[in-house]
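See below for the structure under consideration.
The values are calculated or read from the model by the stated rules, or taken from the named source; none is laboratory data. Fair warning: this is a prediction, and the values are worked out from it, not measured in the lab. Methodologically, a virtual Cβ is constructed for each residue, glycine included, from the backbone with ideal geometry; neighbour enumeration extends over all protein chains shown.
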Amino acid sequence: MPRSLSSPSPRSRRRRAVVVGAGLAGMLAAAALSPVVDEVVVLDRDELPDGPEHRKGLPQGRHAHLLMAGGLAAMEELVPGGGVRERLLAAGAREIPLGSGMLALTSEGWLRRWRHDGPRMLSCTRALLDWTVRDAVLTHTRAEVRRARAVGLVGDAERVRGVRIAATGPRGTEGATGAGTGAGAGEETELAADFVVDASGRGSRIVTWLEEIGVAGVRTKSVDCGLVNATRVYRTPVGAEQFPLTIVQADPYRCEPGRSGMVLPIERDRWMVSLAGTRGGGEPPADPEGFLAYALALPDPLVGRLASGAEPLTGVHISRSTSNVRRYLEKTARWPERFVALGDAVATFNPAYGQGMSVAALGARLLAEEVRRTGPDAAGLARRVQRGAARSVGAAWAAAVGQDVWYPDTRGARPTPADRLTTAYSRRLTRTATGSYRAAAALWDVTSLRTGPERLFRPGTLLDVACGPLLPPLSGPPLTASERKVLAELERTGAEAGTGR
């Protein structure tokens with residue numbers, strides 16, 4: 001039997017929350033719970049870095065991440081002390097206005113750059129973002145991180161009362177040393193809690209954990225287009241420090257494997273060049289020569305032209321952990337009190353669409369609102385949060401899966417009549433946005449998660465889509481004269497150095 005470990009004292013009525021996972025979703029959950037409990041214990045099996053460095057338990061950590069405006073707003077409300085944006089910008093993150101600071105080729109053509117900035121997103125490494133949030137939460141709350149592996153829940157179908165844990169040793173061995181728990185070799189312990197959050201990420205075993213306490217029938221769905229990410233970091237060339245974020249999006253409607261690429265400005269005067277392609281022949285290669293050749297062969301060679309003249313600082317990192325997986329926790333017939341799942345433990349999305357971090361932040365903000373309104377032990381609170389969080393999950397899922405189903409070798413779903421109708425409208429909206437500021441603004445509001453998808457069906461937006469673009473399509477990227485000069489210089493540098501950089 002598991003050994004009980006340090007239960008909260010009934011006399012003192014101290015409340016303890018336990019969060020499984022010290023990633024972004026876990027630390028935001030800790031921030032949400034901290035004002036209403038006496039202590040928050042965050043469990044993670046990894047040894048966390050002391051600064052903004054990559055960690056093993058984050059398979060997408062080395063690849064491109066964009067923090068959307070809706071997610072940033074939620075983080076600003078959640079993180080104690082505020083100032084997430086200011087801290088990130090001070091550390092070198094870039095703020096990208098969607099209206100004027102981005103070069104983007106969509107499946108329907110190049111987006112224009114308008115005088116109005118529109119919503120802003122932040123561009124930096126995932127390591128910097130995670131560290132900034134974790135440092136702020138641990139500094140300004142009573143939350144603490146313990147290195148241990150959660151192996152199950154304590155409780156029953158009516159209520160969760162804690163977490164079963166196994167110690168993680170100094171080299172990732174589990175149960176051998178009992179580090180941090182006082183447990184013997186192979187022994188599990190129970191950590192009692194008044195509230196538990198599973199934020200353990202893509203590898204969550206939440207379905208099994210729920211079955212073990214009597215909650216069965218969780219429906220899951222996976223849609224996998226076989227996306228492979230390949231990323232390499234470069235030094236930002238002198239004179240190109242203000243070059244806009246550059247994206248060549250994949251076209252899922254061509255009945256062939258998708259191929260995409262982006263040049264993302266990140267902290268410490270670097271560019272992150274990230275390529276992505278789907279199974280069946282679209283996968284980017286891992287060798288430097290093939291990486292650059294792939295970038296130059298995209299539907300527009302702009303990403304490759306930029307990379308060809310920049311100095312590489314790393315090798316090419318590959319990741320295949322990209323499938324869409326959703327656990328419909330909000331639809332179970334029963335749900336235990338005092339237990340919530342957030343972030344990738346609920347759903348993971350193809351990272352090409354850049355919404356996972358923001359969805360996690362919106363779920364944590366909802367948790368914070370509910371526990372502050374009613375207290376963490378209110379009847380029905382956990383179910384309300386789980387169902388409420390499903391709204392932003394569902395919107396992001398529809399956006400990601402609604403495109404991924406069109407790739408020819410996607411597994412887990414094929415286009416339905418509803419998909420065809422939605423896609424027809426979405427494509428016409430995007431085509432309209434290439435030449436209509438109002439349509440573009442509606443698209444930005446939804447993709448940045450500032451509003452829900454209902455924004456796309458307001459009368460004004462429907463009228464704009466019906467009328468179509470007001471301006472003719474662009475024949476190429478909307479570069480300024482100074483940006484064309486930078487690009488020409490980079491191409492000359494790349495030609496002189498050869499393509500084997």
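Pick out the one residue from Ala167, Ala183, Ala176 that is buried (at least 22 other Cβ atoms within 10 Å of the Cβ), among the aliphatic types (A, V, I, L, M) and modelled with pLDDT under 95.
Answer to the check: Ala167.
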Return the only residue of Arg492, Arg431 being basic (Lys, Arg), under 30 Å from Leu306 (Cα atoms) and surrounded by fewer than 13 Cβ atoms within 10 Å (Cβ to Cβ).
Arg492
How many of the residues in segment 285-326 are among the acidic types (Asp, Glu) and surrounded by 15 or more Cβ atoms within 10 Å (Cβ to Cβ)?
1
Going through Ala364, Ala382, Ala378 one at a time, which residue ends up being modelled with pLDDT of 95 or more and outside any helix (DSSP H, G or I)?
Ala378
Flag if Val18 is under 17 Å from the mean Cα position of the chain (by Cα) and β-branched (Val, Ile, Thr)
no
Checking Arg85 against (1) in contact with a strand residue (DSSP E or B) (Cβ under 8 Å, 6 or more places away or on another chain); (2) touching a residue at least 40 places away in the same chain (Cβ under 8 Å), which single condition isn't satisfied?
(2)
Residue under question is Phe349, and the condition is that it be over 30 Å from Val263 (Cα atoms), among the aromatic types (Phe, Trp, Tyr), in contact with a strand residue (DSSP E or B) (Cβ under 7 Å, 6 or more places away or on another chain) and buried (at least 23 other Cβ atoms within 10 Å of the Cβ); does it hold?
no
For Ala413, state whether it is crowded, with 16+ Cβ neighbours inside 10 Å and at pLDDT 95 or above.
yes
Any chance Val385 is outside the structural domain of Pro336 (by TED's automatic domain parsing) and aliphatic (A, V, I, L, M)
no
Scan segment 102-120 and report the pairs whose first residue is touching a residue at least 24 places away in the same chain (Cβ under 8 Å) and at positive phi and whose second residue is among the polar types (S, T, N, Q) and surrounded by fewer than 19 Cβ atoms within 10 Å (Cβ to Cβ), with Cβ atoms within less than 9 Å and a gap of 6+ or a chain change.
Gly118/Ser100
Result of the Cβ filter at 6 Å on segment 438-449, keeping first residues that are in the same structural domain as Arg428 (by TED's automatic domain parsing) and partners that are not in a helix (DSSP H, G or I), at least 6 apart or interchain, is Trp444/Leu98; Trp444/Gly118; Trp444/Pro119; Asp445/Thr451; Ser448/Met68; Ser448/Pro119; Leu449/Met68
Verdict on Arg428 being within 17 Å of Ala395 (Cα to Cα) and in a helix (DSSP H, G or I):
no
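Given the residues Leu470, Leu456, Leu443, which is the only one that is more than 22 Å from the chain's Cα centre (by Cα), buried (at least 17 other Cβ atoms within 10 Å of the Cβ), hydrophobic (A, V, I, L, M, F, W, C) and at pLDDT 95 or above?
Details: Leu470 fails: buried (at least 17 other Cβ atoms within 10 Å of the Cβ); Leu443 fails: more than 22 Å from the chain's Cα centre (by Cα).
Criteria check complete, one pass: Leu456.
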Given the options Glu289, Glu330, name the one that is assigned to a helix (DSSP H, G or I), modelled with pLDDT of 95 or more and within 30 Å of Ala157 (Cα to Cα).
Glu330
